[in-house]
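What follows is calculated from the coordinates using simple rules that are stated; it is not laboratory data. The shown structure was predicted, so the numbers you read here are calculated from the model rather than taken from an experiment. When we count neighbours, we look across all protein chains shown, and the Cβ atoms used for this are built from the backbone with ideal geometry, even at glycine.
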Amino acid sequence: MVRDMTKGSPTRLILAFALPMLAGSILQQFYNLADSVIVSWGVGVNAFTSIGCTSSMNFFVIGFINGLTQGFSILISQYFGAKNLESMRKSIAMSICLSAISVIVVSLAAALSSEGILTLMQTPDVYMEDAVLYSRIVYGCVGCLVFYNMTSSILRAVGDSRNPLVAIILSTLMNIGLDLLFVMVFHWGVAGAAIATAISQVMAMCYNLVVMSRLEILRLSKKDFKPDFSMVRKMVVMGIPMAFQNSVTAMGVMILQGVVNSLGALYSAAYAAGCKVVNIIQQPNATFGMAITTYTGQNLGAGKLDRIRKGVVRCIGINMVICTCLCLCMIFFSKPIAGFIVGFDPNADQIIQEASNYMVFLSLFLWVLGLLWPYRSALQGMGRTFMPMVSGGLELAIRISLVLTLPLFMGFWGVMTAEVSAWTGATIMLIIDYYLVIHKLKHATDLNHTLLKKKEALEKVPAIPGKHS
């Protein structure tokens with residue numbers, strides 16, 4: 001279903017668009033969690049932690065490529081908002097070509113360097129073999145995930161968030177079924193979990209492609225794939241900053257993972273379990289942020305600045321309510337959740353306690369992300385991708401400086417403090433830049449209206465008889 005977000009109630013539009021996307025994002029996190037839980041229960045805590053040790057590195061690689069595709073989709077949504085369907089189709093074709101090139105280069109480099117990166121991150125020897133195996137399978141199949149995410153981004157850019165949800169539901173069910181088959185029945189260990197995920201992503205991608213082929217406005221022809229270097233340049237200008245922003249953030253998380261690993265295997269396991277849950281409870285903020293990117297892109301294309309401001313405010317309000325509810329859930333239920341993930345092993349009591357501490361502490365600061373995502377996404381939707389990238393650099397600087405010092409005095413609590421401090425610094429920068437951009441756009445819009453009125457007034461002045469221009 002194609003949705004025009006330039007008309008109607010901003011709150012209703014954002015909710016209607018974001019809720020299916022939120023369900024999809026949570027399901028995606030749950031099927032990532034299913035990999036880990038089934039491996040934990042079927043193979044053991046060490047295998048579970050091996051997968052967890054690769055998460056920040058995977059975020060670095062996959063986040064870079066997904067950042068590119070998200071940047072490409074901004075231009076698609078702007079063309080859709082401006083009702084320029086020919087350019088929109090051309091931009092879709094160019095995004096497919098650019099994504100294919102990116103996948104080949106990045107996945108090959110990542111697969112070859114994964115063992116070296118895990119060594120630099122001080123991954124404990126007990127986890128290294130499974131971590132290397134899992135990461136290499138993931139990178140070998142990363143194209144499946146990237147093209148699933150790209151096709152979902154294209155559908156969302158034209159206002160369709162329902163079909164990507166259907167795709168992820170089907171994918172999740174298949175992933176869990178294949179996990180149980182490959183891990184519990186065939187005993188393929190972490191390799192089985194990685195292969196199950198790749199197969200399920202292929203199915204989700206195929207579903208999206210079928211949906212796109214049935215939408216006339218998304219049907220591509222050979223002429224759409226003819227190289228348009230002007231458009232490619234625009235897409236790269238939007239995509240590269242978002243890709244680097246994701247990678248810079250991931251680099252900080254990788255360094256943080258290395259510090260956690262240096263604290264010992266206990267904290268590596270607790271951090272792996274805690275991150276699985278924190279990634280899930282972050283999804284509402286991230287998803288409503290993605291909704292704002294599409295909403296802002298369409299309304300900027302339509303020249304409706306007031307709707308952009310209203311949409312951002314409404315999105316923040318929604319996020320604050322959700323963050324409060326999730327924080328309360330973590331305060332009361334974090335320990336049983338951690339126990340479920342690591343398998344209620346009698347020897348894992350301390351792992352469960354430290355994972356619970358991590359979940360509760362970070363949930364207390366979820367409201368910071370409730371601000372960060374709407375402001376960053378609004379800037380990106382307006383094509384202002386540079387400052388969000390810079391804010392990612394600031395986030396990296398804060399995270400590194402604090403994670404290398406605070407754990408010396410505070411241990412694992414220092415790692416948590418470094419994380420929320422990085423969120424806070426980036427959020428402050430984004431808020432300032434957002435209001436500066438809005439002020440500039442408002443000034444430019446007011447100036448254009450003034451000039452237009454003067455032009456209309458001059459056209460209404462009657463011509464003087466006998467005078468010729």
Inset, instruction - Percent of Cα-Cα pairs per 20 Å bin, from 0 to the last occupied bin, for the chain, please list those. - result: 24, 56, 17, 3, 1, 0
Legend entry - Length-normalised contact order of the chain in % [C-alpha pairs under 8 Å, at least 6 apart]: 23
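To the nearest 20 debye, what is the magnitude of the charge dipole of segment 207-270 about its Cα centre, counting +1 on the Cβ of each Lys and Arg and -1 on the Cβ of each Asp and Glu?
Working: 7 positive and 3 negative charges, 78 e Å.
That gives a dipole near 380 debye.
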Legend entry - Cα centroid separation, segment 347-375 to segment 380-420 (Å): 15
Legend entry - Helical mean residue ellipticity (222 nm; -39500 (n - 2.57) per DSSP H run of 4+; nearest 500) of the chain: -29500 deg cm²/dmol
Inset, instruction - Please report 199, 432 as a ranked list, fewest other C-beta atoms within 10 angstrom at the top and most at the bottom. - result: 432, 199
Inset, instruction - Distance between Cα centroids, segment 295-319 to segment 72-102: provide it in whole Å. - result: 21
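Please compute the Kirkwood hydrodynamic radius over segment 1-152, one decimal place, Å, based on all pairs of different Cα atoms.
Working: mean 1/r = 0.0565 Å⁻¹.
Every distinct Cα pair counted, the radius reaches 17.7 Å.
Grab the Cα-Cα distance for residue 12 and residue 335, subtract it from 0.36 nm times how many residues apart they are, and report the gain in nm with one decimal.
Working: separation 323, 0.36 × 323 = 116.28 nm, distance 3.57 nm.
Full extension from residue 12 to residue 335 adds 112.7 nm.
How much length, in nm to one decimal, is gained on full extension between residue 442 and residue 229, taken as 0.36 nm per residue of separation minus their Cα-Cα distance? Intermediate values should be presented prior to the final figure.
Values: separation 213, 0.36 × 213 = 76.68 nm, distance 3.10 nm.
That works out to 73.6 nm of additional length.
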Legend entry - Part-to-part distance (alpha-carbon centres) for segment 240-282 and segment 168-210, which is given in Å: 24
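List every DSSP H helix in the chain whose Cα atoms extend 30 Å or more along the helix's own long axis and whose mean Kyte-Doolittle hydropathy is at least 0.5. Write out the running numbers ahead of the final one.
Numbers: long enough: 10-42 (46 Å, 0.96); 55-81 (36 Å, 0.92); 85-120 (49 Å, 1.40); 189-214 (39 Å, 1.26); 229-263 (50 Å, 1.09); 305-342 (48 Å, 1.41); 412-460 (73 Å, 0.19).
Long hydrophobic helices here: 10-42, 55-81, 85-120, 189-214, 229-263, 305-342.
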Legend entry - Burial order of peptide ranges 407-414, 332-339 (average beta-carbon count within 10 Å, highest first): 332-339, 407-414
